[in-house]
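Everything below concerns the one structure shown next.
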Amino acid sequence: MHLGLIGGIGPAATVFYYQRLVRAFDKAGQHLELTIAHTSAQTLSGNAATDNVAGQVDEFLRVSRQLAAAGAERLVITSMGGHFCADAFAPLAPLPLLHGPTAVGDFLRANGARRIGVLGTRIVMQTGLYGALADLEPLAPLGGSLMQVNDDYVAIAIAGKAEDAERERLVAAGKALVDEQGAEVVLLGGTDLNLVYSGDELDVPVVDSAAVHVDAIVSAALASP
């Protein structure tokens, strides 16, 4: 299966997807067919902040047509935040979409997870990963912490790195989800949060949505004839 990655949203997330896919295919002894088309993290964050679904769909259609022309057979949005327009984009896309939130929800259910603390963009946190976690008791940061997490995450996604103050605030937000709201699992619902969390910062399991998405992509690609 030739994979078409919509990348650049942000650059560090694209690198994460690419490296993890390469390692997985190498481990399986299979040839990886992959093309990456670049779009803008700034454009995405602006459209998400203003709920400009139509504008982001148009941008995703532009780059997905490039990927289709390059021979891709499936599309991947390399950003959980980028899935805010996925329901509108998928029916118009020239290729089938390997949907990230669905893969994450399926993974958490299969592992019996409940009371999921979510970190990521404002929309991801407020909607429980676009409703994918609706039956799993999703929890969002409270009060002003919600927008602080959003702003820190967007800054990291655009810069491709985390400053010390951003890292400290985001780890503190995860601890608050556990200590104050009783989260039993914390979901990194922002792809670039792997720049902040290595897995041992909290006393509960930390699930990286991007890693789960990539593993689902690998499974689908290797099962394809």
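The values are calculated or read from the model by the stated rules, or taken from the named source; none is laboratory data. Just so we're clear, the structure is a prediction, and the values are computed from it rather than from any experiment. Cβ coordinates were reconstructed from backbone atoms using ideal geometry, including for glycine residues, and neighbour counts include every protein chain displayed. These area figures cover heavy atoms from the full protein model, side chains too; ligands, DNA and RNA do not enter into them. Shrake-Rupley method; radii C 1.70, N 1.55, O 1.52, S 1.80 Å.
Looking at segment 29-39, is at least one residue farther than 17 Å from residue 213 by Cβ, in contact with an Asp or Glu (Cβ under 7 Å, 6 or more places away or on another chain), at pLDDT 95 or above and of a type outside the set (D, E, K, R)? Yes, some residue in segment 29-39 is farther than 17 Å from residue 213 by Cβ, in contact with an Asp or Glu (Cβ under 7 Å, 6 or more places away or on another chain), at pLDDT 95 or above and of a type outside the set (D, E, K, R). Of all the criteria given as (1) surrounded by fewer than 18 Cβ atoms within 10 Å (Cβ to Cβ); (2) small (Gly, Ala, Ser); (3) assigned to a loop (DSSP other than H, G, I, E, B), the one not satisfied by residue 132 is (1).
Looking at residue 188, is it in contact (Cβ under 8 Å) with a residue 40 or more places away in the chain, open to solvent by less than 20 Å² (accessible area, probe 1.4 Å) and at negative phi? Working first, answer last.
Working: in contact (Cβ under 8 Å) with a residue 40 or more places away in the chain: yes; open to solvent by less than 20 Å² (accessible area, probe 1.4 Å): yes; at negative phi: yes.
The answer is yes for residue 188.
Can you tell me which residue within segment 157-180, out of those that are touching a Pro at 6+ places or on another chain (Cβ under 7 Å) and not in a loop (DSSP other than H, G, I, E, B), is surrounded by the most Cβ atoms within 10 Å (Cβ to Cβ)? Per the criteria, the residue is 177. Screening segment 51-60 for residues that are more than 17 Å from residue 99 (Cα to Cα) and at pLDDT 95 or above and picking the one that is surrounded by the most Cβ atoms within 10 Å (Cβ to Cβ) gives 59. Counting just the residues of segment 78-104 that are under 12 Å from the mean Cα position of the chain (by Cα) and more than 19 Å from residue 10 (Cα to Cα), which one comes out most open to solvent (accessible area, probe 1.4 Å)? Going through the qualifying residues, I end up with 102.
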